[in-house]
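Written below as structure tokens is the structure these notes are about.
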Amino acid sequence: MKALNKKILTTCLALMMAVAMAVPAFAAPGGIMTDDDIIPRDTAHGHYFHNGLYYLNQWGSNPVSGTRVTTWKQTGDITQAWDVAYTTSGHWVVTTNQRRDLALNIYRSGSQPEVNVIAFIGNTYNDCALRVETLILANQSGTYQGYGVTITNEHTNPSDTFGRICRWTGNPTSWEHNS
């Protein structure tokens, strides 16, 4: 009877170990973003972020890695349409609607980090994971904790009344999200 109980216990332990090893390991916040960190998405949707008449905008007509994020008046153009990918940790990755592999990113340049878009797969999770319903970094600590997308007074070139450079600051703009 003892031998049978021992075999059952050994079998159960082996089964538990096999199940534990088969469960995929997701990157915890702080790691590198992988495909396993993103919940499967359906077709692209148009999400729009604005503060009054200032609409979040991808600079130029064809976003590439490093494209600057600005604001502009509402145009209805694809450059103002965004998509949202949910992470397995419960955060957002806000991607361009035109190229869903490019996402909002904190680019640490100058005294205030710029907002740009880069490929989020392979990027640091904390640089592109945002709090749901806001454009605030979800997992940054230290200097960039609580930083979010802010409209600045820096005009774009060519200039437009609503053309402003976006940066990450500790006093983020309150964005309205329309989908």
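The values are calculated or read from the model by the stated rules, or taken from the named source; none is laboratory data. Everything numeric here is computed off the predicted structure, so don't read it as measured data. We place every Cβ from the backbone using ideal geometry, glycine too, and count neighbours over all the protein chains shown. Note: accessible area is taken over every heavy atom of the protein model, side chains too, but ligands, DNA and RNA are not part of it. Shrake-Rupley method; radii C 1.70, N 1.55, O 1.52, S 1.80 Å.
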Query raised in the report: Which one is farthest from T79 (Cα to Cα), of the residues in the stretch 146-168 that are open to solvent by 30 Å² or more (accessible area, probe 1.4 Å) and hydroxyl-bearing (S, T, Y)?
Result: Y147
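If we keep just the residues of the stretch 132-145 that are of a type outside the set (S, T, N, Q) and modelled with pLDDT under 95, which is most open to solvent (accessible area, probe 1.4 Å)?
E133
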Query raised in the report: Which condition number in (1) small (G, A, S); (2) open to solvent by less than 30 Å² (accessible area, probe 1.4 Å); (3) within 16 Å of N57 (Cβ to Cβ); (4) more than 12 Å from the chain's Cα centre (by Cα) is the one that S109 fails?
Result: (3)
Query raised in the report: Within the set of pairs 6 or more residues apart or between chains, which connect a residue that is touching a residue at least 40 places away in the same chain (Cβ under 8 Å) inside the stretch 30-43 to a residue that is open to solvent by 50 Å² or more (accessible area, probe 1.4 Å) with Cβ atoms less than 6 Å apart?
Result: M33/I121; D36/P24; D36/F26; D37/F26; D37/T88; I39/Y86
Query raised in the report: Can you pull out the strands (runs of 3 or more DSSP E) entirely within the stretch 1-104 that have at least 3 residues that are modelled with pLDDT of 95 or more and open to solvent by 60 Å² or more (accessible area, probe 1.4 Å)?
Result: none
**Report entry** The one condition in (1) within 19 Å of the chain's Cα centre (by Cα); (2) without any contact (Cβ under 8 Å) to a residue 24 or more places away in the chain that S159 fails to fulfil
**Finding:** (1)
